[in-house]
1. Within region 223-257, take every residue that is in contact (Cβ under 8 Å) with a residue 12 or more places away in the chain and of a type in the set (Ser, Thr, Tyr) and give me the one that is nearest to Val289 (Cα to Cα).
2. Go through region 146-181 and give me each residue that's in contact with an Asp or Glu (Cβ under 8 Å, 6 or more places away or on another chain) and at pLDDT below 90.
3. Considering (1) within 22 Å of Leu177 (Cβ to Cβ); (2) outside the structural domain of Ala171 (by TED's automatic domain parsing); (3) part of a strand (DSSP E or B), say which one Ala102 fails and leave the rest.
4. Going through Pro108, Pro38 one at a time, which residue ends up being in a loop (DSSP other than H, G, I, E, B), farther than 12 Å from Ile188 by Cβ and out of contact with any strand residue (DSSP E or B) (no Cβ under 9 Å at 6 or more places or on another chain)?
5. Tell me the residue from Arg37, Arg24 that is closer than 24 Å to Trp73 by Cα and of a type in the set (Lys, Arg), please.
6. Residue pairs, Cβ under 6 Å, 6 or more apart or interchain, first in region 161-172 and in contact (Cβ under 8 Å) with a residue 60 or more places away in the chain, second among the basic types (Lys, Arg) and crowded, with 17+ Cβ neighbours inside 10 Å. List them.
7. Among the candidates Leu231, Leu222, Leu210, single out the residue that is part of a helix (DSSP H, G or I), out of contact with any Gly (no Cβ under 8 Å at 6 or more places or on another chain) and either over 30 Å from Asp65 (Cα atoms) or modelled with pLDDT under 95 (or both).
8. Say we look at region 201-230 and pick out the residues that are among the aliphatic types (A, V, I, L, M) and over 18 Å from the mean Cα position of the chain (by Cα); which of these is farthest from Met1 (Cα to Cα)?
Amino acid sequence: MAKPLRIGLPSGSLQEATLDLFRRAGYTISRASRTYRPAIDDPNFEIRLLRAQEIAAYVQDGFLDLGLTGSDWIQETRAKVQPVSTLRFSKATAQPARWVIAVPNRSPIRRPSQLRGKRIATEAVGLVRQYLSKHKIKAKVEFSWGATEVKVPELADAIADITETGSSLLANGLRILDTILESYPQLIANRNVWSNSADRVRIQNLAMLLEGALRARDLVGLKMNVPRRCLRSVSSTLSSLRDPTISPLARDGWVAVETVMEEKTVRSIIPRLKQLGAEGIIEYPLNKVVS
């Protein structure tokens, strides 16, 4: 049997969302809180839990065969890796994480150009320097070891930090000046591993299942029995990914209809389907939708 591929998954704030994504893709990963090597129920892979900031460099250097980390940290470390898939999920929402420049509410700084000559604290020094260079702003960028939001106004004039909703910055009395970049997690591979055809297939299969799990996130399956005379009206009511599947039933004049649709639309559609003559309507969750 082929040697297991070592996958680096992010610990910290993105850990639970990542483990849940793998679960919905069909993989069970132990949630032991004090190990960086949790078990996975697939002999093709081994898991390493690491800080998202470190994963791209470890993949580049071959200590990991593949990894899942934010595109921001790939850009920050300038790691030479093979992009496999962009996975559109985050810690709490489906929205991208944002790196932003923020200042205290009482700061006289109102626009990025006023950062000239100022001191900016951040964990993503490279990203901030790239942003400042792009906007022709000269400022001092200092590395922050954490709790960046408390550095202003005493230790820095502004910070660059990551946020999904901005609520944490708001709670700390900070005001966003500008967005540096948006970032989603990416599945990446070591270039030498990717060049091996057998390993590439295993990685592509993993990516397909993870993408399928994300695609199914807001979808449900819906099936029902429908009189043939009502079929056209029912079909036109269903807003499905594809045309609904229609199968004859043993009961004369009836067919089974099955489709996939957005969960948020189901509550308004089911009463309409019932009015049109559908019976035995069943809604069920989906783990994966693979196109």
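The values are calculated or read from the model by the stated rules, or taken from the named source; none is laboratory data. Just so it is clear, the model here is predicted, and its values are computed rather than measured. With ideal geometry, Cβ positions are generated from the backbone for all residues, glycine too; neighbour counts draw on all protein chains shown.
1. It comes out as Ser240.
2. Across region 146-181, the qualifying residues are Gly146, Thr148, Glu149, Ser168, Leu169, Asn172.
3. Single failed check for Ala102: (2).
4. Values: Pro38 fails: out of contact with any strand residue (DSSP E or B) (no Cβ under 9 Å at 6 or more places or on another chain).
Residue meeting the stated conditions: Pro108.
5. Details: Arg24 fails: closer than 24 Å to Trp73 by Cα.
Sole residue among the options that is closer than 24 Å to Trp73 by Cα and of a type in the set (Lys, Arg): Arg37.
6. Between residues of region 161-172 that are in contact (Cβ under 8 Å) with a residue 60 or more places away in the chain and residues that are among the basic types (Lys, Arg) and crowded, with 17+ Cβ neighbours inside 10 Å, the close pairs are Thr163/Arg98.
7. Details: Leu222 fails: part of a helix (DSSP H, G or I); Leu210 fails: either over 30 Å from Asp65 (Cα atoms) or modelled with pLDDT under 95 (or both).
None of the others qualify; the one that does is Leu231.
8. Filtering region 201-230 for residues among the aliphatic types (A, V, I, L, M) gives 201, 203, 206-210, 213-214, 216, 219-220, 222, 224, 226.
Narrowing the set further to residues that are over 18 Å from the mean Cα position of the chain (by Cα) leaves 201, 220, 222, 224, 226.
Details: Val201: 15, Val220: 37, Leu222: 40, Met224: 45, Val226: 50 Å.
Residue satisfying both the conditions and the ranking: Val226.
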